[in-house]
Number of protein chains: 2
Amino acid sequence: MAECGASGSGSSGDSLDKSITLPPDEIFRNLENAKRFAIDIGGSLTKLAYYSTVQHKVARVRSFDHSGKDTEQDHEPPYEISVQEEVTARLHFVKFENTYIEACLDFIKDHLVNTETKVIQATGGGAYKFKDLIEEKLQLKVDKEDVMTCLIKGCNFVLKNIPHEAFVYQKDSDPEFRFQTNHPNIFPYLLVNIGSGVSIVKVETEDRFEWIGGSSIGGGTFWGLGALLTKTKKFDELLHLASRGQHANVDMLVQDVYGGAHQTLGLSGNLIASSFGKSATADREFSREDMAKSLLHMISNDIGQLACLYARLHCLDRVYFGGFFIRGHPVTMRTITYSINFFSKGEVQALFLRHEGYLGAIGAFLKGAEQDNPNQYSWGENYAGSSGLMSSSPELCPTQRARSGTFDLLEMDRLERPLVNLPLLLDPSSYVPDTVDLTDDALARKYWLTCFEEALDGVVKRAVASQPGSVDAAERAEKFRQKYWNKLQTLRHQPFAYGTLTVRSLLDTREHCLNEFNFPDPYSKVSAAAWGRRGAVGGGGSLGAQPGDRLGPAAAW
Amino acid sequence: MAECGASGSGSSGDSLDKSITLPPDEIFRNLENAKRFAIDIGGSLTKLAYYSTVQHKVARVRSFDHSGKDTEQDHEPPYEISVQEEVTARLHFVKFENTYIEACLDFIKDHLVNTETKVIQATGGGAYKFKDLIEEKLQLKVDKEDVMTCLIKGCNFVLKNIPHEAFVYQKDSDPEFRFQTNHPNIFPYLLVNIGSGVSIVKVETEDRFEWIGGSSIGGGTFWGLGALLTKTKKFDELLHLASRGQHANVDMLVQDVYGGAHQTLGLSGNLIASSFGKSATADREFSREDMAKSLLHMISNDIGQLACLYARLHCLDRVYFGGFFIRGHPVTMRTITYSINFFSKGEVQALFLRHEGYLGAIGAFLKGAEQDNPNQYSWGENYAGSSGLMSSSPELCPTQRARSGTFDLLEMDRLERPLVNLPLLLDPSSYVPDTVDLTDDALARKYWLTCFEEALDGVVKRAVASQPGSVDAAERAEKFRQKYWNKLQTLRHQPFAYGTLTVRSLLDTREHCLNEFNFPDPYSKVSAAAWGRRGAVGGGGSLGAQPGDRLGPAAAW
């Protein structure tokens, strides 16, 4: 643990402590190899992006040429596996509150050793406000990038490149999350970016977009009014309060105005007639939970209606929501979706993004990396290093979310070559490589999660055994166990945390966790006889339907 | 003073006392002669309408036929004045909080003596909720009327019939209020009714209208959230706090996000990026004034934006605001107007109504009075019995607005015959009978107000002298003095309280106040030689450019 940041401010209790203790092995990972930086500073949150290299062992597979031979002969294995050291590229994204920016910049400076870069791409209003601070602390020149350009660049990138990035949320459906398959033709769409305030942008092509509206009632309003009403300054605690509250105790509903006789009018009595209408005259105390819930409803409804109106005005039928407000919170998504459906009579669709908060940072990074042609590569989300959706879920145990509430992480690995669709596919965009969707089937999900939990001991043993010469193999294997176990628990509560849950994604997650602790393939010594079975489940890559020569250990459960 | 209402609830301090003392000579006037009732009960406020008859003295003028004679002969007066007892019709509207409904119904029951009506037209959601209570207390059958129908009927009525009903508000113009002349062709328009919540209605003709949207962020939200934040449950006090606050202490402005470098981006640094954004993290207390101001801004901005979007979506360029939220409050009107101008680029016009709060009650009353053909009459606002715009103005002395904050009054007198335009006018709709607009010219306004103040003693004396046989003339004249003096003070602070201020309206107000205390024409004995001077200023009626045979005392200053 490294103590960093501001000199002790001596604050206590509920107030925000501007000094913070950062665990370097969890936040700002791989900083020592960081090659390139970008930063997106909004009104409340900072999103830092950096590109680094990771040296790790990989298992290489070489196939033999069996043409003209009988492949059924089991004394001749169909391939050979060798473990090599390899350097791969990784994109890291870290979100934290602006309150901690000085502490974080200090931390970064202290841990930067090998970087050769001289500039940092910066976007968001804070790129102006914190320019001098960044230049002084990091000794990098701040290169300011246009806010809208970065936002849209980032949004287009995730929509095109990240599998299961966008989803619709339907409270009463099973499953509640419906992830969309990536589609090369994403335009036109409306982007509603909910940061401290709200920006509404019409996007027509990669380069043509226009700011068409905005609202001051955004995430900062939920946070700020929520803090005043409930006396907590923690965003996640506010969401947690909201998830336990009853808004009808504070809001004036249609049935409150009509006195229960609403059925005669064809009106739904549960519609909110006036947000906070009951607290105007009622002579009693209101619970923090109820006020937080009412506030979340009020803001989400308002954003939903504005989004719907702008979409209709500009003849757009898809609205994506960016920013760091929603965070996969069911109440928010349900309310926004309801509002859009209600006001558009179902003609406008609300789509949420798993990485809503990083659009500007991703865009700024891409701007800075343009000479490297980042679009020529494919990127896969690293499940081991990413917080996943609902990292602030109140259902997760408090210790798990204590830090993630302040810090949120996303890591993407650059794949060795661009992913392309299998040329033999008739309709690549409709092809889904996974035949079993565990988000559809709660029983199957529980079964498979239990399988992976029960198999964990064996995998740990196998990992240690695969590196007999290593002195710290047992220690690393134990860390792997803890990390993967936590991921499995997260997935029990939030099966949608990383998109659609499949046996393949459970295997990928295990592969990423094993790689994290330098176990490229504990099963490399397993006899080739197992290969046939493994192949049935799927390849190791995390993206699409690619046939690849790179086989991870993932399929070896 | 009559003590009425609920048995003492024993509440104290800041809490609302549901019992209330009603002064019968100020609120619910003329109840003993009430002939017909209508009531509009919203989520927070009740608006009661009743029609009564008023018996009072009027001055009648009979002209002599001077044809063929030399009218310059001063020994033959051109007309004769006689005072007669007359019964005229008056419409009363009273607004009070729903909290007091039981007390008010009890009061009405106790003071109803001569009514023969058996039904009460009721609209608003509360027509359902309070149906049994009203029927039990008043022994009248509740006849429920459709909310939208009443609202639109009332809006059309005031737009067509009340002079200077609608106005635009421009903060930096002189005058700030621009009253519109009545126009027979009022359609199509958008009505945004801001009650506890907001209803948005597209109105195409007298009978064709459609509810097209709504919002839960309305007057109840300002009141309810304001009460939670500032610990006052009084709407007027909230407005008062807001008028003294600095929203930039609580809101995150664009310049707060950009750190002052906003000029480089072509953005106005004073735009609100996030309402209440500063209270999210700042570790300090916020003043009640600042929070109230920020809240008022947030809600007004939001309503303005929604109004603008609905207007654009339905190709309407005029938006009228109804409900009891705005109340002529400058901050609210400025913010709504700014928001609509900003988001529509000036293509949509925000218009406010002096009687915004009574639309539903007026409509319900008209529904009930349909067999009497109310549209065949003309109605004139009685300035003596009406609160006027900004009755809750914080600039007025607290004692003056203490009751008006809870109760608001509007009275309209039925004129003897329909007003019609003078047939000789080339373009009646552009003809303005008053040549001196005192709202345009602050110096002239002050001059005239001082004139009327200084003349008051003389008018009081003249009034007493005009009724030598009356024992209570002196007492009534003193009451008149107090009432008219207060009106003049109100007009000093709020020159727009009753529409455009002219010498004629000052005279009309004095006439109404004199009539109130049964002084139909203190000047009836004044020699006819004065007639020529009086005629130059204007007739006695409060409406339009009518030539009339009814001459009030008004012109005799």
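The numbers here are math on the coordinates, done by the rules we state, and not lab data. What you are looking at is a predicted structure, and each value in this text was computed from that prediction instead of being measured. Positions of Cβ are generated from backbone atoms using ideal geometry, with glycine treated the same way; all protein chains shown enter the neighbour counts.
Between the C-alpha center of the range A:279-300 and that of the range B:144-222 there is a gap of 29 Å.
Seen from B:T53, the other residues with C-beta closer than 14 Å to its C-beta sum to a net charge of -3, counting Lys and Arg as +1 and Asp and Glu as -1. B:E204 label point, 7 Å along Cα→Cβ, cut-off 14 Å on backbone N: hits in the range B:298-316? It comes to B:314-316, nothing else. Distance from the axis that maps chain B onto chain A is least for the Cβ of the chain B residue given, with the whole Å value, as B:L309, 2. Indicate the gyration tensor shape class of the range B:436-537 (rounded, prolate or oblate), computed on the Cα atoms with a ≥ b ≥ c the square roots of the eigenvalues: a/c under 1.5 is rounded; otherwise a/b larger than b/c is prolate and the rest oblate. Taking the square roots of the gyration eigenvalues as a ≥ b ≥ c, the range B:436-537 is oblate.
Could you tell me whether the range B:183-297 comes out rounded, prolate or oblate from its Cα gyration tensor? Rule is a ≥ b ≥ c as square roots of the eigenvalues, rounded for a/c under 1.5, then prolate if a/b exceeds b/c, otherwise oblate. Oblate, since a/c reaches 1.5 and b/c is not below a/b.
For the range B:32-56, backbone nitrogen atoms closer than 15 Å to the point 7 Å from B:L133 Cα along Cα-to-C-beta are found at B:39-48.
What FRET efficiency comes out for the pair A:K141/A:T53, r = Cβ-Cβ distance, R0 = 30 Å, nearest 0.05? Working from the Cβ atoms, E equals 0.85. The fewest-to-most ranking of B:S339, A:S196 by surrounding Cβ atoms within 10 Å reads B:S339, A:S196.
Rounded to the nearest whole Hz, the Karplus-based 3J(HN,Hα) values (6.51 cos²θ - 1.76 cosθ + 1.60, θ = phi - 60°) of the range A:350-356 follow the sequence 8, 10, 9, 10, 5, 10, 3, with x at glycine and proline.
Label-point spacing for B:Q139 across the identical copies (point 7 Å from Cα in the Cβ direction), in nm and ascending order: 9.5. Shown for B:F37, A:F343: other C-beta atoms within 10 Å of each C-beta, ranked fewest to most, produce the order A:F343, B:F37.
Sorting A:R414, B:R462 from the fewest to the most surrounding beta carbons within 10 angstrom yields A:R414, B:R462.
What pairs in A:K57/A:K479; A:K137/A:K231; A:K95/A:K487; A:K278/B:K293; B:K141/B:K202; A:K95/B:K293 have C-alpha atoms more than 23 Å from each other? Over 23 Å Cα-Cα: A:K137/A:K231; B:K141/B:K202; A:K95/B:K293. Between copies, A:A442 shows label-point distances of 6.9 nm, shortest first, with the point placed 7 angstrom from Cα along Cα to C-beta. As a calculated quantity, the FRET efficiency between B:L426 and B:R178 at R0 = 25 Å, using C-beta atoms, amounts to about 0.60.
For B:R178, the point set 7 Å out from Cα toward Cβ sits 5.0 nm from its twins in the other copies, listed from shortest up. Across the range B:436-537, the relative contact order, built from alpha-carbon pairs under 8 Å that are at least six residues apart, equals 38 percent.
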